[in-house]
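Single-structure report; data block below.
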Amino acid sequence: CRPGLMPAAGIKVQPSGCCLPNEYQLYAERLRTFHVRHDDIWCISYPKCGTTWTQEMVWLLENNLDFETAKDKLLLERVPFFEAVSLVTQDFLVKDENEKDIFGDTIAFTHEQPSPRVIKTHLPARLLPLEIWTRKPKLIYVTRDPKDVAISYYHHHRLWNGYSGSYEDFIEGFLQDKLVYSPFWEHIAGYVKLSHLPNVLINSYEDMTNDLAGVIRRTAAFLGREYTESEVARLAEHLKFPSMKKNAAVNGEDFIVDLKEKHGMCKEDPDLSFVRKGKSGGFREAMPQHLIDRFDEWSRTKKIELGIQDLNLSQ
Ligand code: A3P
């Protein structure tokens, strides 16, 4: 695999216990000392848990359901990806309407946004900017069944990093917590343990697939926003999988075409897309029973170890 994937290829486990590319060290200080605003809203997750979906929901709730702007302006521009500059960035050359590189200095880009900012991060709680704990902005965290996350992350690595190793090796890397932003359960536990705080909301991908309108109502209430039932229904329609899949402002298809070309990948492969299958429990079609059993045992043990055994993400 290429650098940026597994520890053996240039990833170090940081002292705080998170797998990050070496580039992270160049930016760690700026990320830690970033000026947080009280009215920021941070959309946070381990990768592939439904971050994009959450970002689009939160941005629209915060912006009076401005569907026009949401369709015109890339989600990446509306909701900056805070630490993206510290990832391996050469694959992510995305320009805004003024030809400014959005994935250039994403810390500066986040800083420049007008309030109230909606910000995306995959950082574990312990690596958030220090001012998060004093300014207390709203934190919206989204969880997902790790079996679905692992499969989604596998296809993500094929697409974004040209991963050409085997599915089995990748899954093994996931279970051994060797992927970027792992360890998985520690990431979840770090936020679940904050869920008693009034500025923290935990949603799950499973809830979003089962009852999207319910999650919209809950998130709107958390943000202090009021919407009528017909507005909630309109937002749910905009956020449902087929709409998101064909929405050019969120599906990344423009740069996916370039990525496929760069990595010499099959243009028709349906798994090589950002808004891909959108199922909860999709692992049942893509994972042999022995791996499902291994995952479930791993999750059970980890949750006990981390004191979050009551958390149920499965269907
Ligand atoms: P799959 O690869 O399982 O389809 P993230 O945004 O955190 O990278 O998560 C990506 C996952 O969210 C992908 O999962 C993607 O398809 C799914 N997703 C994005 N938008 C969705 C939607 N509107 N409904 C359901 N799933 C969605």
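Just so it is clear, none of the values below were taken in a lab; they were calculated from the coordinates. Owing to the predicted nature of the structure, the values given are computational and were not obtained by experimental measurement. Reconstructed Cβ throughout: ideal geometry from the backbone, glycine too, with neighbour counts over all protein chains shown.
Please sort through the DSSP H helices of the chain and keep those with an alpha-carbon extent of at least 27 Å along the long axis and a Kyte-Doolittle average not below 0.0.
For the chain, where a helix must reach 27 Å along its axis and average at least 0.0, there are no hits.
I need the calculated FRET efficiency for the pair His38 and Asp254, taking r as the beta carbon distance and R₀ as 30 Å, to the nearest 0.05.
With R0 = 30 Å, the Cβ-Cβ based efficiency is 0.30.
5 Å is the cut-off here: which amide hydrogens, built 1.01 Å from N in the peptide plane, fall below it relative to Thr143, excluding neighbours closer than 5 in sequence?
Asn203, Ser204, Tyr205
Of Ile119, Ile308, how do they rank once you tally other Cβ atoms within 10 Å and put the fewest first?
Ile308, Ile119
Mind checking the log10 I(q)/I(0) for the chain at q = 0.15 Å⁻¹? Debye, one equal scatterer per Cα, no solvent, two decimals.
Relative scattering, expressed as log10 I(q)/I(0), comes to -1.38.
Fully extended, how many nm does the chain gain between Glu285 and Glu226 (0.36 nm per residue separation, minus their Cα-Cα distance)?
Residue separation times 0.36 nm, minus the Cα-Cα distance, leaves 17.3 nm.
Using a Förster distance of 22 angstrom, determine the FRET efficiency expected from the C-beta separation of Asn312 and Leu197, and round it to 0.05.
After rounding, the FRET efficiency stands at 0.55.
Taking each pair of distinct Cα atoms in region 210-259 once, what is the resulting Kirkwood hydrodynamic radius in Å?
Computed over region 210-259, the radius equals 12.3 Å.
Let me have the relative contact order for the chain, percent, based on Cα pairs under 8 Å that are six or more residues apart.
Reported as a whole number, the value is 24 percent.
Just for the chain, what percent of DSSP beta bridges are antiparallel, to the closest 5?
20
Give the longest segment of the chain that steers clear of GluC sites (Glu not before Pro) in DSSP loops with at most 10 neighbouring Cβ atoms within 10 Å, not counting the sites themselves.
100-225
Net charge within 13 Å of Val118 by Cβ-Cβ distance, Lys/Arg positive one each and Asp/Glu negative one each, not counting Val118 itself?
Residues close to Val118 contribute a combined charge of +1.
For each pair in Lys71/Lys178; Lys136/Lys279; Lys73/Lys240; Lys48/Lys262; Lys120/Lys262, compute the distance between the two Cα atoms and list the pairs where it is over 28 Å.
Listed pairs above 28 Å: Lys71/Lys178; Lys136/Lys279.
Would you calculate a helix-derived [θ] at 222 nm for the chain, using -39,500 (n - 2.57) for each DSSP H run of n ≥ 4 and dividing by the full residue count, to the nearest 500?
Using -39500 (n - 2.57) per qualifying helix, the result is -13000 deg cm²/dmol.
Once the cut-off is 19 Å, how many percent of the Cα-Cα pairs in region 174-254 end up in the long-distance tail?
Looking at region 174-254, the distances longer than 19 Å represent 57 percent of pairs.
Calculate, in nm to one decimal, what Glu297 and Phe241 gain on full extension: separation in residues at 0.36 nm each, minus their alpha carbon distance.
That works out to 17.1 nm of additional length.
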